[in-house]
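Asks: Could you have a look at this structure, given as structure tokens, before my questions?
Read-outs throughout are calculated quantities, based only on the coordinates presented, and are distinct from any laboratory measurement. Everything numeric in this text was worked out from a predicted model, so none of it was measured. Quick reminder, even Gly has a Cβ in these numbers, built from the backbone with ideal geometry, and neighbours come from all protein chains shown.
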């Protein structure tokens, strides 16, 4: 028997003994009971010495003869008066507590009243907090966007990534015909990790999986789980998986998975409990889906090297698909896909352009064609109203995109050089300016700053141009270039 | 004087019954995999570990028909092999259930003791059991009221259909107010319930 058991037994024994003792000590001696008529007779005969009210209609009485007895009945007010005249008052017997005891009797009532008041106060406060805290509850909602109907994207809309597509066909098949997978006893793919550089088509592929399978599609970015408050991210994950479970079958696409899926316990000197909680919740939620539920999670990252190993273990993101940079043949496919609906000049050879665009990503190629289409629209006047994409549009678009990354474009440099030349005062700077709409203007620069140009043509007319109209400025090399 | 002494007499079975009640919560939770209460030393029948000075000592002594012991902590995340809802439900239901068992045991013991020839000690023991039976019935009934802070409210938590959860959350919010109203209502006009319970207890002890 250990110490705590002994103590327990001791306390029990003490309590029971205390009970027996108190009971024994207070055991009331039973007073002989007499009919109420005896009491009335005693009052009449002035034989009563004292009268004590016990409870309800019970009284204890003593007579001048020293007799003690109990009786039950009701004292009339006349009898009370008679007794009072003789100096006999009803004894309420507060015992040791005396007057204090009567106050004590009020305590239960006071406590109940206080409890009501406190309860109401608490309720009002709670309500206030709740109204103020509405935003906090809202925060816990996942911000994932549910694409209402299954997306219209198909694998045919995705150029290249043949290997990934082949693997994802399995997933589509599982979403469509889970019973076949169940029959084979095969564990269905639960999480697919798409790795690839930005713009290589990870989102498109995920969307195509949902589109091919004809299921709901949830898009969420990993960074949307990252929040200042601990627990919010995890709550959002739970909310997301709950929502997906409700509309299953579904595909959940988590973009930028590395924002939360970073290796736990890493990070220099910082301990990010919030992110770890969020990650743990994703792991638990992915484990929590029953195979019948048909929810597939597709994660995308371009930093798979920093992902937590637990995220990649079997049963989670166990299918890892690398989206390689485009090779020329798939780049051609991608270009053809994006050229759909765009009027190409018959001379344009997309495959040649694809060979030219080594290292480009799908998104880059899409932008190239879009830029070229924009140029084609701007240049339609110069081409007699025909809207079509020509090789020169593509070339200019490619040049524009290539230079986009540079802080200081050649065009800006040309403009700055011109302004500098003009400021020297010789005023005879010739320039040949190609406009974005295909027109070419030649003349003498009379004004140039970072934003506007003014040219005087041979015939003496002047034309003012804004920076955004200008595609290229050709000027003879300045005599003394500024130290740029 | 009599009132205070009577309340002192009531205190003994009250402490013992509440100890068993709280211990039952802790024991059930422990059986289901949540050893939080056990590790906190609350899985004991010792009244002193469950005692709340206001709720278990002062209020009963003042004759307030209401009280509480220190609640046993339950961590649903630690339940093994069953859902958190079910676990919470079982752990919550264990308290009132233990009071019912206790009432039955006390009644049984009372009947056995009543067979013995009358002796002063036996008389006192009978008095103890005579208080214990209706007390435990009352504890079980009161705690099973489906009002959120009580055990009965937690049982409802586990049983309520998912689509009623939202409404139930509203009830939970006003739970303490409801409880106060019920207490006041019982104080003002609830003699019927008590009479029913004492009738029930009289049958149990064979009167």
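Asks: Helix-only mean residue ellipticity at 222 nm, chain B, DSSP H runs n ≥ 4 weighted -39,500 (n - 2.57), per residue, nearest 500. What is it?
Replies: Mean residue ellipticity, 222 nm, calculated: -23000 deg cm²/dmol.
Asks: What is the fewest-to-most order of A:5, B:56 by other Cβ atoms lying within 10 Å of their Cβ?
Replies: A:5, B:56
Asks: Suppose R0 equals 51 Å. What FRET efficiency, 1/(1 + (r/R0)^6) with r the Cβ-Cβ distance, do residue A:374 and residue A:183 give to the nearest 0.05?
Replies: Values: r = 53 Å, r/R0 = 1.04.
About 0.45, to the nearest 0.05.
Asks: Let me ask you something else. Just to verify a number: FRET efficiency for residue A:57 and residue B:5, C-beta to C-beta distance, R0 = 22 Å, to 0.05? Please list the in-between numbers first.
Replies: Numbers: r = 22 Å, r/R0 = 1.00.
The computed FRET efficiency comes out at 0.50.
Asks: Within 10 Å of each Cβ in peptide B:119-129, how many partner chain Cβ atoms are there on average? Round it to a whole number, please.
Replies: Other-chain Cβ atoms within 10 Å of each residue's Cβ, averaged: 3.
Asks: Something else now. How are the alpha carbon pair distances in region B:2-204 distributed across 10 Å bins from zero to the largest one, expressed in percent?
Replies: Taking every Cα pair in region B:2-204, the percentages come to 9, 30, 36, 19, 5, 1.
Asks: Just rank A:78, A:162, fewest to most, by other beta-carbon atoms within 10 angstrom.
Replies: A:78, A:162
Asks: Semi-axes, largest first, in whole Å: what does sqrt of 5 times each Cα gyration tensor eigenvalue give for region A:328-404? Numbers along the way, then the final one.
Replies: Details: eigenvalues 82, 36, 20 Å².
They are 20, 13, 10 Å, listed from largest to smallest.
Asks: Over the whole of B:173-185, what's the average partner chain Cβ count within 10 Å per residue? Rounded to a whole number, please.
Replies: Across B:173-185, the average partner-chain Cβ count within 10 Å equals 4.
Asks: Where the centre of each part is set by its Cα atoms, how far does region A:441-462 sit from region A:302-381, in angstrom?
Replies: 40
Asks: Related question: Using only alpha carbon pairs under 8 Å that are at least six residues apart, calculate the relative contact order of region A:31-93 and give it in whole percent.
Replies: On the way: 86 pairs, mean separation 23.1, N = 63.
Reported as a whole number, the value is 37 percent.
Asks: Quick check: pseudo-label points 7 Å beyond the Cα along Cα→Cβ at residue A:464 and residue A:306, how many nm apart are they?
Replies: Modelled inter-label distance: 5.0 nm.
Asks: Please compute P(r) over all alpha-carbon pairs of region A:1-81, binned at 10 Å starting from zero, and give each bin as a whole-number percent.
Replies: Bin by bin from 0 Å, the calculated values are 15, 34, 16, 13, 12, 8, 3.
Asks: Tell me the label-point distance for the pair residue A:327, residue A:399, using the 7 Å Cα-to-Cβ offset, in nm and rounded to one decimal.
Replies: 3.3
Asks: Shifting gears a bit: As an exercise, take the mean of 1/r over every pair of distinct alpha carbons in region A:410-474, invert it, and state the Kirkwood radius in angstroms.
Replies: Values: mean 1/r = 0.0873 Å⁻¹.
11.5 Å is the Kirkwood radius here.
Asks: Here's another thing I want to ask about it. Give me A:306, A:298, A:22 ranked fewest to most by other Cβ atoms within 10 Å of their Cβ, as a rough exposure proxy. Intermediate results must be reported in sequence, preceding the final value.
Replies: Details: A:306 12, A:298 30, A:22 17.
Neighbour counts put them in this order, fewest first: A:306, A:22, A:298.
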